[in-house]
Amino acid sequence: MAANAFESILTTLPKPGGGEYGKYYSLPALNDPRIDKLPYSIRILLESAIRNCDEFQVTKRDVEKIVDWVNSAPKQVEIPFKPARVLLQDFTGVPAVVDLACMRDAMSKLGSDSNKINPLVPVDLVIDHSVQVDVARSENAVQANMELEFSRNKERFAFLRWGSSAFHNMLVVPPGSGIVHQVNLEYLGRVVFNSGGLLYPDSVVGTDSHTTMIDGLGVAGWGVGGIEAEAAMLGQPMSMVLPGVVGFKLTGKLKNGVTATDLVLTVTQMLRKHGVVGKFVEFYGEGMSELSLADRATIANMSPEYGATMGFFPVDHVTLQYLKLTGRSDETVSMIESYLRANNMFVDYSQPQIERVYSSYLELSLEDVEPCVSGPKRPHDRVVLKEMKADWHSCLDSKVGFKGFAIPKESQNKVVEFSFHGIPAKVKHGDVVIAAITSCTNTSNPSVMLGAALVAKKACDLGLEVKPWIKTSLAPGSGVVTKYLQKSGLQPYLNQLGFHIVGYGCTTCIGNSGDLDESVAAAISENDVVAAAVLSGNRNFEGRVHPLTRANYLASPPLVVAYALAGTVDIDFETEPIGTGKDGKEVFCKDIWPSSEEIAAVVQSSVLPDMFKATYEAITNGNPMWNQLSVPLSTLYTWDPKSTYIHEPPYFKDMTMDPPGAHGVKDAYCLLNFGDSITTDHISPAGSIHKDSPAAKYLMERGVDRRDFNSYGSRRGNDEVMARGTFANIRLVNKLLKGETGPKTIHIPTGEKLSVFDAAMRYKNEGQETIILAGAEYGSGSSRDWAAKGPMLLGVKAVIAKSFERIHRSNLVGMGIIPLCFKAGEDAETLGLTGHERYSIDLPSSVAEIKPGQDVTVVADNGKSFTCTLRFDTEVELAYFNHGGILQYVIRNLINQRS
């Protein structure tokens with residue numbers, strides 16, 4: 001490897017009072033006028049390429065591609081990127097540590113030094129354990145849930161504690177500290193690194209797609225698959241297509257009573273319509289001064305919902321104020337500002353702005369934003385609040401789809417009466433049975449959290465109540481939220497309405513609301529009621545929130561409280577009352593809605609820097625339950641074959657130093673035939689483990705009681721459970737079943753209807769390969785590596801789709817699965833494919849003969865053939881394919897480099 005080709009621009013950064021902060025690679029020292037017009041987000045990619053330029057993994061040619069972004073981005077050129085750090089969430093962190101432990105074993109068996117498997121870049125692993133809100137509406141919910149989680153997940157937590165000591169350069173944030181994205185924002189985000197006297201911008205890739213929340217802080221970050229993250233941890237550059245950047249100009253100011261959530265749902269719809277998949281979005285304009293850091297983080301968090309790689313807010317004075325608020329030292333903030341100003345990465349809106357060049361442009365006046373929600377099944381299906389009632393009735397009328405339930409007119413107004421613990425109760429279409437202020441998108445934002453608390457206070461003062469059968473919960477993203485809700489004196493009012501704090505992790509939005517009361521569940525299921533959930537999360541895909549809530553709406557925290565009080569989504573808040581006060585008078589939404597000034601005053605007096613410092617001391621101190629975990633001292637993990645939580649996967653079984661090489665597919669059966677918008681929620685195991693599923697059978701055969709099944713997320717370290725849970729979603733629509741919904745498929749040779757796992761195992765045992773047919777946006781949603789690992793373990797060799805979500809396509813490549821795209825205007829239906837055919841994919845046997853994005857021919861056994869685009873997008877991805885997967889590639893590279 002050569003010395004850095006840009007050593008000549010290494011420059012000293014002086015401290016204002018004398019001395020120096022360190023050295024940095026100076027972009028202005030390049031004296032290239034093209035750099036001044038680059039988007040700020042692209043400058044971060046440029047600095048990384050310059051700093052890591054060794055003419056081996058990163059070359060001067062790569063740097064030139066980025067400098068010439070205006071001309072090179074439209075050509076879809078490939079560049080390497082080395083992030084400053086990697087962020088793992090515990091659900092993806094466990095399999096990542098499992099894989100690292102496995103890689104150590106594999107290197108040991110191949111006769112190499114297994115201790116070379118260590119993260120080469122800093123790794124932050126946050127245990128934001130999934131909270132089952134079974135004990136909602138109780139004062140001791142947090143402690144009860146923590147005790148429940150530790151009793152269920154002791155083995156998983158102990159394994160992660162082992163990982164923190166067995167692997168160097170890995171920080172593990174213990175349970176109870178907060179949701180990963182908010183911990184990243186409030187504590188882990190460096191903005192600028194000072195590593196041994198070398199200064200450079202913070203950048204991060206994380207194993208959750210909502211890693212993008214950090215973009216609100218001016219840190220370039222986005223979600224990648226766990227597989228890709230593991231390679232980045234081990235020093236491999238990420239291969240990415242140099243993205244286009246959409247410039248999004250904000251002007252004006254939000255109207256009184258309009259929330260950041262309303263803004264983000266509006267932005268999400270605009271960007272989804274504009275088309276930003278695979279692109280960066282960079283926000284600018286005079287309206288930026290009106291957006292708090294928390295507002296920016298809310299918009300950035302939703303990047304996966306509008307399809308962008310990230311929604312970036314460059315560092316400015318608002319960022320610096322937030323860093324001080326959250327407890328970063330004055331010296332650290334001074335270093336950050338000095339470095340970013342010196343390297344032309346700081347936006348000073350008090351100075352004239354150099355016009356930057358973007359790939360395309362959008363503009364929004366904040367004054368045009370109206371209160372809204374999104375649903376009932378997708379985050380970008382925005383509904384203006386004043387049109388909600390009409391939209392709901394349209395959904396009841398419309399055919400089954402993203403905006404339809406096909407309820408006959410004569411039964412749309414039916415009322416089902418039942419008894420709730422001796423109390424007369426009733427439920428009808430649109431009635432809210434779950435109302436949750438959840439830990440994801442919104443709880444970084446004091447204005448909407450304290451806004452919700454003010455709604456609760458006004459409602460309580462007027463004597464309003466929430467019906468007892470509505471499952472309410474509050475899951476803040478950080479302990480800081482608890483502190484400022486208590487400081488404001490408003491938490492008791494949320495408690496009074498049933499919004500007790502249940503924990504600081506993933507809850508309702510990932511399907512962990514717990515069971516509905518049996519009487520409520522029976523009333524819904526036995527009468528085919530379209531019940532509703534309202535949550536302040538970012539995802540509302542069908543079957544995700546709860547099996548019995550077919551309508552799920554995303555809303556701001558204040559609106560969650562309002563809908564809980566109203567008890568239905570079938571309401572026009574402008575003209576219909578949400579309840580009757582203690583004085584017998586009707587109460588309308590406007591009567592309990594706080595003004596922007598009221599909210600701002602409470603935020604100003606209640607959100608204080610000491611709260612952040614006190615909360616994050618727990619990261620270094622731990623907590624008693626965490627500190628008492630017993631952890632082995634060995635660097636090689638001792639696998640317990642009886643464990644149902646941590647299991648050694650077969651990825652490296654019989655691995656040799658010689659790569660297996662490229663391969664096509666011969667006479668494969670179609671395991672599943674899908675339409676559009678199959679999400680990772682449909683593919684990857686998530687939420688609760690159904691009692692009749694193959695995973696449940698596996699656990700029961702090993703003596704696990706049903707009450708101890710826990711969730712799929714908590715068992716992500718066990719490939720046996722996860723393979724059985726792949727495609728186990730109850731809302732799965734498989735065309736082979738001719739309209740029937742559920743986790744089943746047809747075993748083509750026999751015509752038998754089997755669970756997807758059982759059918760896949762039968763094919764494997766018979767030596768038969770399988771493929772999947774799919775429509776558009778295959779793999780959208782959370783960046784779950786198990787959505788690729790699971791199909792690989794089921795024996796899937798290729799997926800042929802109309803289009804792929806960015807991260808999921810990359811994950812498929814990482815697991816050695818061939819991604820293919822139908823040609824424009826074609827799909828399985830237009831080609832007359834039923835899924836009952838057998839498919840052969842013709843690929844050269846040498847990877848040297850394959851080119852990224854080339855055409856390949858697929859031949860069916862009924863004589864039909866069609867051309868597809870091979871979605872290996874870069875030469876590096878072809879190298880992964882040649883090795884059988886990204887992890888095998890990394891192991892062989894490490895051994896070859898160090899032998």
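The values are calculated or read from the model by the stated rules, or taken from the named source; none is laboratory data. Only a predicted model underlies this, so the values are computations on that prediction, with no experimental measurement involved. Glycine gets a Cβ as well: all are built from the backbone with ideal geometry, and neighbour counts include every protein chain shown. SASA here: full protein model, heavy atoms, side chains in, ligands and nucleic acids out. Shrake-Rupley method; radii C 1.70, N 1.55, O 1.52, S 1.80 Å.
Filtering the range 806-821 to residues that are closer than 22 Å to Lys279 by Cα and touching a residue at least 40 places away in the same chain (Cβ under 8 Å) leaves Arg806, Ile807, His808, Arg809, Ser810, Asn811, Val813, Gly814, Pro819, Leu820, Cys821. The sole residue among Thr259, Thr251, Thr266, Thr211 that is in contact with a Pro (Cβ under 7 Å, 6 or more places away or on another chain), within 30 Å of Thr326 (Cα to Cα) and among the polar types (S, T, N, Q) is Thr259. Scanning the range 491-515 for residues that are assigned to a loop (DSSP other than H, G, I, E, B), open to solvent by 10 Å² or more (accessible area, probe 1.4 Å) and either more than 27 Å from Ser419 (Cβ to Cβ) or in contact with a His (Cβ under 7 Å, 6 or more places away or on another chain) (or both) turns up Tyr504, Cys506, Gly511. Would you confirm whether any residue within the range 450-461 is part of a strand (DSSP E or B) and either touching a residue at least 24 places away in the same chain (Cβ under 8 Å) or farther than 30 Å from Leu608 by Cα (or both)? Within the range 450-461 (the criterion being part of a strand (DSSP E or B) and either touching a residue at least 24 places away in the same chain (Cβ under 8 Å) or farther than 30 Å from Leu608 by Cα (or both)), the answer is no, since none of the residues qualifies. Does Val530 satisfy the condition of being among the β-branched types (Val, Ile, Thr), more than 28 Å from Ala300 (Cβ to Cβ) and in contact with a Cys (Cβ under 9 Å, 6 or more places away or on another chain)? So Val530 passes the test. Of the strands (runs of 3 or more DSSP E) lying entirely inside the range 1-115, those containing at least 1 residues that are of a type in the set (Val, Ile, Thr) and open to solvent by less than 20 Å² (accessible area, probe 1.4 Å) span 78-81, 85-89. Taking the range 729-757 as the range and being outside any strand (DSSP E or B), surrounded by 16 or more Cβ atoms within 10 Å (Cβ to Cβ) and not aromatic (Phe, Trp, Tyr) as the test, the residues that pass are Asn729, Arg731, Leu732, Asn734, Lys735, Leu736, Leu737, Gly742, Pro743, Ile748, Val756. With the condition kept exactly as written, say whether any residue in the range 850-858 is part of a loop (DSSP other than H, G, I, E, B), more than 32 Å from the chain's Cα centre (by Cα), farther than 18 Å from Leu773 by Cβ and touching a residue at least 60 places away in the same chain (Cβ under 8 Å). Checking the range 850-858: at least one residue is part of a loop (DSSP other than H, G, I, E, B), more than 32 Å from the chain's Cα centre (by Cα), farther than 18 Å from Leu773 by Cβ and touching a residue at least 60 places away in the same chain (Cβ under 8 Å).
Scanning the range 658-677 for residues that are over 30 Å from Gly835 (Cβ atoms) and either within 26 Å of the chain's Cα centre (by Cα) or in a loop (DSSP other than H, G, I, E, B) (or both) turns up at least one hit.
Looking at (1) surrounded by 18 or more Cβ atoms within 10 Å (Cβ to Cβ); (2) polar (S, T, N, Q); (3) part of a strand (DSSP E or B), which is the only condition Ser419 fails? Exception for Ser419: condition (1). Within the range 778-810, the set of residues being within 24 Å of Ile746 (Cβ to Cβ) and either assigned to a loop (DSSP other than H, G, I, E, B) or open to solvent by 10 Å² or more (accessible area, probe 1.4 Å) (or both) comprises Gly779, Met792, Leu793, Gly795, Lys797, Lys802. Comparison of Val603, Val545 shows that the only residue that is in contact (Cβ under 8 Å) with a residue 60 or more places away in the chain and outside any helix (DSSP H, G or I) is Val545.
Of all residues in the range 758-772, those being assigned to a helix (DSSP H, G or I), open to solvent by 20 Å² or more (accessible area, probe 1.4 Å) and in contact (Cβ under 8 Å) with a residue 60 or more places away in the chain number 1.
Would you call Asn552 outside any helix (DSSP H, G or I) and farther than 27 Å from Glu598 by Cα? Yes. Checking each residue in the range 651-673 for being under 30 Å from Glu155 (Cβ atoms) and surrounded by fewer than 13 Cβ atoms within 10 Å (Cβ to Cβ) picks out Lys653, Asp654.
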